[in-house]
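What follows is a short report on a single structure.
The values are calculated or read from the model by the stated rules, or taken from the named source; none is laboratory data. Computed from a prediction, not measured in an experiment: that's the story for all the values here. Note: ideal-geometry Cβ built from the backbone for every residue, glycine included; neighbour counts use all protein chains shown. Quick note on the areas: whole protein, heavy atoms, side chains included, nothing else; ligands and nucleic acids left out. Shrake-Rupley method; radii C 1.70, N 1.55, O 1.52, S 1.80 Å.
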Amino acid sequence: MSQEDTNQMLRDAVGGFAARDTSIARVRALRETDPGFDRAVWKKIADAGWTGILVPEKFGGAGLSLPEMAAVLEEFAKTLSPEPLNAVSSLAALTLSGGDNEALQARLLPQIAAGDLIAAVAWQESESGIDPAAIETTAKEAAGGYALSGSKRFAVPFGADAYLVSAKGQGGVIVACVDKSAKGLTVDSELRADGTRVARLKLDNVQVAKADIVASAGAGARALGQAIDQTTILAGAELLGVMSRALEITLDYMRTRVQFDRPIGSFQALQHRAVDLFIQKELSFSVLRDAHIHLAQDADALALWASRVKSRCSEAGMRIGRESIQIHGGIGFTDECDIGLYLKRAMVLSAWLGNGAVHRRRYAALAPALEAA
Amino acid sequence: MSSSEISSQPDWNAYDDDRFRSEVRAFFETAYPEELRYPAFFLSWSKTQHWYRKLYAQGWAAPAWPREWGGMGLDGAKMLIFMEEQERHGIGRTPDQGITLLGPLLIRYASEEQKRQFLPPTLSGEYLWCQGYSEPNAGSDLASLRTEAVIDGDEYVINGSKIWTSYAMDATHMFILVRTDKSAKKQEGISFLLLRMDSPGITVRPIRNLLGSEHFAQVFFDNVRTPVAWRIGKPNQGWTMAKALLGFERVSAGSPKVAQNGLRRLEAVAARLGLMEDAGFRDRYLQLKLDIADLASVYDRFAELVKRGGTPGPDVSMLKILATETYQRLTELTLEAAGNAGALHGKVDIAGAPLDILSPFYMSRPFTIAAGSSEVQRNILAKNVLQLP
């Protein structure tokens, strides 16, 4: 089967999920609840196979790659479902498989693929840092393992079963798997714009056995860096899904809403505005497509493409969200109108893993000079 | 010159892309005059004819024409490579409208006799063509053109006026859209004629543009006669013929190379003036750099479509908007970066280097106006792609 066929099949499957298992009413009902998503729906997502797309076959997954996961996440994001598919099945699964503890991989990855384990990666500490090595949390060697102390923010999702925590050990960054009920761990939540929650962790001398070290000092920074960059590209796919649906809704509104005896979509000022939003969406689509093409040939360029994708998709997603509100007029500012839900999800996805400005600066540091004239 | 004097062309389309690209690049690098690279303004025929003769002798004057008519016979893929290399090396335009616009139209719609009559002297540069489409009252709304041609015996008699005619002073001939049926719907009464620029009754009035140069003109027709045999296609079919050849042009007009060259100029100015340390400038520069990278991603999508033999749909309009508007913003930031020197004419001293800041700023203005303004392109996208009422 060609990759295009596989992707189409996956997209169709998500379409079935969207029609059967979720709705905007469900999304609304889960807002601001604890933990903010539905484990029964998570199980359905796992049964469909999407939690295991990036998990190697030998650990119970499908062993597929970014383009397939991107196809699923783009469609999934259109439903605005709050289940943390990208955070768990990309970021946590990739961090685990990028680590150097095969016994732990064999124990945890099948559980992630099966939907039985929801793991959150806790790697950020400051508001806009995206360097996984720039952290304060420490890992001190202790009897048979490590003792972790420090604090983490923005771990997705809140309400995870386990947290994959980064810390500075002797010789580099390690990643440790910490159970939610571990002694010395405090987990609080912070509410995001879209009604979902992120976890804020306090670690006070939390003991972690050697067997639970996901990545040792030699492997931690690289495993995290790769997993974060791949997830960043996939967050771009989620943003593309959200902006596409928001634009469709807005265009439908422009075709039907009548003012001054005409559909507002017939006014040139609004038409040109909508065209500019469409162009932003097409730019996002094109960069993502180009990223998949280039990364299939040159995996070393991952960080560069992650930053290009995220800066475009974040800015485009935010702009389409904001301007969709404007085009809807007064009704767009009400909670009852769905368009606001898309803006809020775009805000959350834009901020997550580094917003447009953060990735623009990183792109500058990574970008090669233009070919000499 | 006859086509037997030019070197015969191999089947370029059988070459792999990299080999073709390196052959084209090598020729441009050795044969193109260094002093004409990246021209800041339109070059006249007197400056470029020497280069054109070299191209002609090489057999490369008409890359898109079929080999039987002395072209290179390039398919879409090879044609895009050829144009990318032209832009990469900063090769200036010659008065090329006979080659790029008229040639393909003749090859598709003209009679065999007309092809034999017009294609060889066009290729050799003996006939230099200008395009007579726009009129003072038919700009974006081109189909409302009013220049009229009436049959008198075996000749058309033309009255009216054309404007924005590039290369009108250099041209020996013009291809022109004229109204031949005033009772038909506006797109349906238009015919496509050829005429000599030295015909009695033609007056050419050069128009000075913002750069201070006289690149285009207004052309007046006072009972100008041209043979009925010089009409291409059937009467009243001119509009359809002229529109049919727009697709490929819109893809090549969206090439990111012009903007990439401009970015290098901006980087040179910024480096000389120490602006890369300025956080405000740096962020705007990075926005543009990413915009240009992403423009290249959009361009590649359409280029691949053309390479596979596909025809772009109306969504290709977004490519022209992106390429031209991004380039304009780049010239604006360059102007701003130059500070006081941003209002100085010609090559000016930028911290010790002679750079022309103003000309690219001016030159980029008509990019969003000609060949369907940005606003017309947005109208097309709104109606035909977004399906808005």
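Structural remarks
- Net dipole in debye of chain B [+1 Lys, Arg Cβ; -1 Asp, Glu Cβ; about Cα centre; nearest 20]: 500 debye
- Both radii were evaluated on the Cα set of region B:267-336; the Rg over Rh quotient, with Rh as the Kirkwood radius, amounts to 1.13.
- DSSP-defined antiparallel bridges as percent of all bridges, region A:121-217, nearest 5: 90 percent
- Percent antiparallel among DSSP beta bridges (both partners in chain B, rounded to 5): 85 percent
- Residue by residue, region B:86-98 carries 3J(HN,Hα) couplings of 4, 5, 4, 7, x, 7, x, 6, 8, x, 9, 5, x Hz when phi is fed to the Karplus relation 6.51 cos²θ - 1.76 cosθ + 1.60 (θ = phi - 60°); x denotes Gly or Pro.
- Between 0 and 90 degrees, the angle of helix A:302-328 with respect to the longest Cα principal axis of chain A falls at about 40 degrees.
- Among the protein heavy atoms, those of residue A:262 account for about 110 Å² of accessible surface (1.4 Å probe, every chain in place).
- Here chain A is scanned for GluC sites (Glu not before Pro) in DSSP loops (not H, G, I, E, B) that have at most 10 other Cβ atoms within 10 Å, and the longest stretch holding none of them is A:128-335.
- Computed helical MRE - 222 nm, chain B, DSSP H runs ≥ 4 contributing -39500 (n - 2.57), nearest 500: -12500 deg cm²/dmol
- Within the listed set B:333, B:290, B:145, the Gaussian network model of chain B (springs between alpha-carbon atoms below 10 Å) gives the highest mean-square fluctuation for B:290.
- Here each label is just a point 7 Å from Cα along the line to Cβ, and for residue A:333 and residue B:29 those points are 6.1 nm apart.
- Taking region B:140-254 and dividing mean pair separation by its residue count, relative contact order in percent (alpha carbons under 8 Å, at least six apart): 30 percent
- Karplus-derived HN-Hα couplings along region A:180-192 (A = 6.51, B = -1.76, C = 1.60, θ = phi - 60°), whole Hz, x at Gly and Pro: 4, 9, 4, 5, x, 9, 10, 10, 10, 10, 10, 7, 9
- Excluding exposed DSSP-loop GluC sites (Glu not before Pro) (at most 14 other C-beta within 10 Å), longest clean stretch of chain B: B:189-389
- Cα-based shape type of region A:3-117, given that a ≥ b ≥ c are square roots of the gyration tensor eigenvalues and the cut on a/c is 1.5: oblate
- Axis angle, to the nearest 10 degrees, between helix B:317-337 and the longest C-alpha principal axis of chain B: 50 degrees.
- Averaging the Cα positions of each part gives two centres, and for region B:330-358 and region A:167-182 these lie 54 Å apart.
- Chain A: relative contact order as a whole-number percent, Cα under 8 Å and 6+ apart: 16 percent
- With q set to 0.16 Å⁻¹, the log10 of I(q)/I(0) for region B:129-237, from the Debye formula over equal scatterers at the Cα positions, is -0.66.
- Euclidean distance between Cα centres, region B:90-160 to region B:57-80, Å: 20 Å
- The charge dipole of the protein assembly as shown, taken about its Cα centre with unit charges on the Cβ of Lys, Arg, Asp and Glu (plus for the first two, minus for the last two), comes to roughly 960 debye.
- When the chymotrypsin sites (Phe, Trp or Tyr not before Pro) in region A:233-322 are filtered for DSSP coil states and for at most 12 other beta-carbon atoms within 10 Å of their beta-carbon, the remaining sites are A:260.
- Reach of residue A:202 by Cα under 27 Å, taken over lysines that are not fewer than 8 positions away in the same chain: A:140, A:152, A:168, A:180, A:183, A:210
- Nearest 10 degrees, 0 to 90: helix B:279-307 Cα axis against chain B principal axis: 40 degrees
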